[in-house]
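Taking it in order: structure first as structure tokens, then the write-up.
The values are calculated or read from the model by the stated rules, or taken from the named source; none is laboratory data. Just so it is clear, the structure is predicted and the values come from calculations on it, not from any experiment. Quick reminder, even Gly has a Cβ in these numbers, built from the backbone with ideal geometry, and neighbours come from all protein chains shown. Heavy atoms of the whole protein, side chains included, go into the accessibility calculation; ligands, DNA and RNA do not. Shrake-Rupley method; radii C 1.70, N 1.55, O 1.52, S 1.80 Å.
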Amino acid sequence: MEKRPGGVGRVVKKKAKHMGREWLKRLLTALVSMLLSIFGTYSYAQTGKVIPRRELLSGTASFHFIDVGQGDATLILTGDAAVLIDTGTGDSAGALTAYLKTYVGRLDYLILTHPHDDHVGGADEVMDSIPVGRVLMPLVEHNGYTESLMRQAAERGIPVFDAKLGGQYAAGDITCTLLGPVRKDYENLNDVSAVVRVDVGGVSLLVSGDAELEGETDVLRANDPALLDCDIYQVGHHGSSTSTSLEFYTAISPDHCVISCGYGNSYGHPHTTVLQLLTLSGAQIYRTDTEGTIVLDTDGETVTRRGSMTWETEAESAA
Ligand SMILES: [Zn+2]
């Protein structure tokens, strides 16, 4: 599968200590600049892979909507913590793990929204390729997926937690709050999707898996409306018209919308009605099917899309 990881766009801010004597401050600043230019650009993660130093600067975070074709895989990364929500299918697992190995030393949480292949198909390979602290997923069975995932996690000594309404999980500067699933007995498994609000500093992301109208409506009724209000929205169910109801979308009122789906997919995702709603709202719209992996950076207050830079170029610059 073609994969286009996001590139670079970060400016390194150098903090000068307050010094009484101006010449000493200038000398120190020059020394820091020189050391940063020599040593500060790259560092090593636990995997031994070279990863960009900018990913480790405290106070910054990035949201990676990884191109896994028709599926979801969303990485939230700060200097000291990493959370992955969903893993795409088994077909894209190789591309996903290559991406993770490049950017992440370990995952604090692997959150699986619901046991459909386009969300959990790559989970086994992810757990094989990188240390995982905890797995979080709605404990509801579907075609043996959940039982299999629990066994795979147990074999690796990874604890599994039931994802349910009201749960809150923190890793470093990342806080994940579960706004759903409200129930487990929906007829439609999509409605059992974990609905996750992610907060990093003052910036928030909402991921609703494939929750459809019934699941979305229950999430709206069960939560304080303020908890739905987020800056970034990973558009539910890959932009399907079964999801992103007007009421749900209005409660989120995002500035940035990311649609994760496969190019030319047979479902027709994203659907025109959803695109029209997002466009009318004035939000920025990003699509993995036409643009590849989308990376949004934040300083905890503002959100900016990372400029394009190819995988090869990044690898070359690290050499
Ligand atoms: Zn899906």
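Report the normalised scattering of the stretch 54-318 as log10 I(q)/I(0) at q = 0.13, 0.14 Å⁻¹, calculated by the Debye formula with identical scatterers on the alpha carbons. Log10 of I(q)/I(0), two decimals: -0.76, -0.90. Relative to the Cα centre, the charge distribution of the stretch 60-138, modelled as +1 at Lys and Arg Cβ and -1 at Asp and Glu Cβ, gives a dipole magnitude of about 300 debye.
Between Thr273 and Leu139, the FRET efficiency estimated from the beta carbon spacing at R0 = 35 angstrom works out to 0.55. Could you please state how large a percent of the accessible area of the stretch 54-318 is carbon and sulfur, counting protein chains only and using a 1.4 Å probe? So the carbon and sulfur contribution to the accessible surface is 49 percent. What the stretch 71-147 shows is 27 Å² of accessible area per residue, with the surface traced by a 1.4 Å probe over protein heavy atoms. Accessible surface computed residue by residue for the stretch 177-319, with neighbouring protein chains in place and a 1.4 Å probe, gives 41 Å² per residue. Residue ranking by accessible heavy-atom surface, 1.4 Å probe, largest first, among Ser241, Ser129, Ser204 comes out as Ser241, Ser129, Ser204.
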